[in-house]
1. Please specify each residue of the stretch 397-429 satisfying the condition of being open to solvent by 10 Å² or more (accessible area, probe 1.4 Å), more than 16 Å from the chain's Cα centre (by Cα) and not hydroxyl-bearing (Ser, Thr, Tyr).
2. Could you check how many residues of the stretch 318-353 are closer than 24 Å to HIS283 by Cα, open to solvent by 20 Å² or more (accessible area, probe 1.4 Å) and either under 18 Å from the mean Cα position of the chain (by Cα) or not small (Gly, Ala, Ser) (or both)?
3. So how many residues does the stretch 68-87 have that are in contact with a Phe, Trp or Tyr (Cβ under 9 Å, 6 or more places away or on another chain) and within 12 Å of ALA106 (Cβ to Cβ)?
4. Going through the stretch 203-230 one residue at a time, which ones are open to solvent by 20 Å² or more (accessible area, probe 1.4 Å), closer than 17 Å to HIS283 by Cα and under 20 Å from the mean Cα position of the chain (by Cα)?
5. Hey, can you tell me all the residues within the stretch 179-194 that are under 12 Å from the mean Cα position of the chain (by Cα) and within 18 Å of ILE424 (Cβ to Cβ)?
6. When the stretch 274-313 is examined, which residues are found to be without any contact (Cβ under 8 Å) to a residue 40 or more places away in the chain and either closer than 21 Å to ALA385 by Cβ or open to solvent by 70 Å² or more (accessible area, probe 1.4 Å) (or both)?
7. Tell me the residue from ALA272, ALA241, ALA264 that is under 28 Å from the mean Cα position of the chain (by Cα) and either part of a loop (DSSP other than H, G, I, E, B) or of a type in the set (Gly, Ala, Ser) (or both), please.
8. Quick test for you: out of THR423, THR394, THR380, THR436, pick the one residue that is out of contact with any Cys (no Cβ under 8 Å at 6 or more places or on another chain), hydroxyl-bearing (Ser, Thr, Tyr) and free of Cβ contacts under 8 Å to residues at least 40 places away in the same chain.
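The values are calculated or read from the model by the stated rules, or taken from the named source; none is laboratory data. Quick caveat: nothing in here was measured; it's all calculated off a predicted structure. When we count neighbours, we look across all protein chains shown, and the Cβ atoms used for this are built from the backbone with ideal geometry, even at glycine. SASA here: full protein model, heavy atoms, side chains in, ligands and nucleic acids out. Shrake-Rupley method; radii C 1.70, N 1.55, O 1.52, S 1.80 Å.
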Amino acid sequence: MSALEKAYYSPVGRKVASKAGLHEPPRLRRGREWPQGRIVLAPLGASSLVADALALLGREHDAPVVDSGTDAPGYGDRIGALVVDALDVAAVTDLEALRAVLRPAARAVERAGRIVVVARPGGAGGGWEADAVARALDGINRTVGKELRGGATATLVYAHEGVAAADLVSTLGFVLQGRSAFVDGQAWHVRPAAVTADRLDEHPLDGRVCVVTGAARGIGAAIARTLAREGAAVLAVDIPAAGEALAAVANEIGGTALQLDITADDAGARIAAHVAARGARIHAMVHNAGITRDKMLVNTDADRWASVLDVNLAAEMRINAVLLDPAVEGGMADGGRIVGIASTSGLAGNKGQTNYAASKAGVAGLVAAMAPDLAHRRITVNAVAPGFIETEMTARIPFVQREVFRRVNSLSQGGQPVDVAETIAYLCEPASQGVTGQVIRVCGQNMVGA
């Protein structure tokens, strides 16, 4: 149980929340924990792709209850997840079949359960109607995510033409397990990949070097711990002023520490040299380090503007340029992973954060630009966009304002650093090869920019 949950569920916390008119936040299922109830598979056509993927995951499934009248039938007990194979859905009339299986499940899914729809994306050559229907599915998914209760979430996975069951194993495993606890109402794409998996590996990063900047505390420390749990040899990087905390994290996870200002001209070369000295190359580069220097634009001077853009965006680009040079010893390995940290502020804008929003929107743009250029090396480039996450920094926000930020999402609470870390670990898995050029929001379906 997180510190926030302990505060809410304690006798004092319950009393304070009650007086303030606040409902207890639902308890989320985290980690590599599967739904407790039955998994129900609803095929809306002839496709067996999702059934084959569930078989590779070792997940048995039941048939759906289908609504055909005015009173929605029930399941008799709670189900853990509804997984819908909507790959053959291409006409507006086909959407009725989706409604008919979603309606009974929406009231039957357990607390912290899952509704997952797998469908074809628009632009797949199916014509105007198929493209419109693909986008309609996104609207359905976002709305279902907002209607579910008790910490249950909704996810839409667009499987591109040529995707095999093994291409879906990593993604379906992530969205069904508790690792996706704070990912809600989101949609992303899976493409055919050279590297797949015929099972879900609990230690997919065994023997692989992963570098994490800003690793001394908060989200960065959680990322380092989670990657180490997955088997990675972690190089934890942070500024010299955080050296003691950085060493503590590295020692805890059996990794190594590098005190480094990432804005230094030689930052990329020093990271590569550290890895090369251990006879390795980098599998994953996680650009977590970042700063804020918030002011209204009218009060933002050149120094405040430049410092945020340099740390959050330009430094990442300079480091990537060095590590992506195949001639650099200790640089990125083919088949590697680059993961940046965007933000809901960058996707939607936020008052008083013009510089920060620019830097984080820039990260999203960088991901989209780099991904196709690195496809020939099988290097994927993605980002996560956290919403309100419970950290030392957000704990300093005044109580009322902080409580508002926690509540303006579909899960009625702030996320935990581990929620961001779990999504990054999923993106770093070798079997997530088919996911690139994506920005996945880890925000509980925050209403900002939704």
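1. Listed by number, the residues that qualify are ILE397, PRO398, PHE399, VAL400, GLN401, ARG402, GLU403, VAL404, PHE405, ARG406, ARG407, VAL408.
2. Matching residues across the stretch 318-353 total 8.
3. The number of residues fulfilling the criteria is 0.
4. Here is the first cut: in the stretch 203-230, the residues open to solvent by 20 Å² or more (accessible area, probe 1.4 Å) are 203, 206-209, 217-219, 225, 228-229.
Those left that are additionally closer than 17 Å to HIS283 by Cα: 203, 206-209, 225, 228-229.
Hits for the stretch 203-230 are HIS203, ARG225, ALA228, ARG229.
5. Within the stretch 179-194, the subset under 12 Å from the mean Cα position of the chain (by Cα) is 179-188.
Correct list: ARG179, SER180, ALA181, PHE182, VAL183, ASP184, GLN186, TRP188.
6. Once the filter is applied, which keeps residues that are without any contact (Cβ under 8 Å) to a residue 40 or more places away in the chain and either closer than 21 Å to ALA385 by Cβ or open to solvent by 70 Å² or more (accessible area, probe 1.4 Å) (or both), the stretch 274-313 yields GLY279, ILE291, VAL298, ASN299, ASP301, ALA302, ASP303.
7. Numbers: ALA241 fails: under 28 Å from the mean Cα position of the chain (by Cα); ALA264 fails: under 28 Å from the mean Cα position of the chain (by Cα).
It is ALA272.
8. Values: THR423 fails: free of Cβ contacts under 8 Å to residues at least 40 places away in the same chain; THR380 fails: free of Cβ contacts under 8 Å to residues at least 40 places away in the same chain; THR436 fails: free of Cβ contacts under 8 Å to residues at least 40 places away in the same chain.
None of the other options fit; the residue is THR394.
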